[in-house]
Amino acid sequence: MLEYFFQCPYCWEEISMLLDRSVSEVYIEDCEICCNPIQINTMFDNNELISFEVKNIEQ
């Protein structure tokens, strides 16, 4: 697992999450501070993080 820090696209607070190095994925998780949904896109190659993107989900 990899701990990764980033800014929430809603409240701009720094949050962290654990990423599974064995899989690239797209999923939605709520911000632990403001509770808004964030789309998270991760891409790994040989267990190295090569891409990480967060997007707000307009509601």
Does segment 3-10 contain any residue that is among the hydrophobic types (A, V, I, L, M, F, W, C) and in a strand (DSSP E or B)?
yes
Does Met43 count as hydrophobic (A, V, I, L, M, F, W, C), modelled with pLDDT of 95 or more, surrounded by 11 or more Cβ atoms within 10 Å (Cβ to Cβ) and not in a loop (DSSP other than H, G, I, E, B)?
yes
Test: residue in segment 14-24 that is within 19 Å of Glu58 (Cβ to Cβ) and either part of a loop (DSSP other than H, G, I, E, B) or not small (Gly, Ala, Ser) (or both):
no
Evaluation of Glu32 against (1) under 13 Å from the mean Cα position of the chain (by Cα); (2) open to solvent by 50 Å² or more (accessible area, probe 1.4 Å); (3) of a type outside the set (Lys, Arg); (4) at pLDDT 95 or above (one fails), failing number:
(4)
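The values are calculated or read from the model by the stated rules, or taken from the named source; none is laboratory data. On a predicted model such as this, the values are computed, not experimentally measured, just so you know. Note that we place each Cβ from the backbone using ideal geometry, even for glycine, and neighbour counts take in every protein chain shown. Ligands, DNA and RNA are stripped out before the accessible areas are found, and what is left, the full protein with its side chains, is counted by its heavy atoms. Shrake-Rupley method; radii C 1.70, N 1.55, O 1.52, S 1.80 Å.
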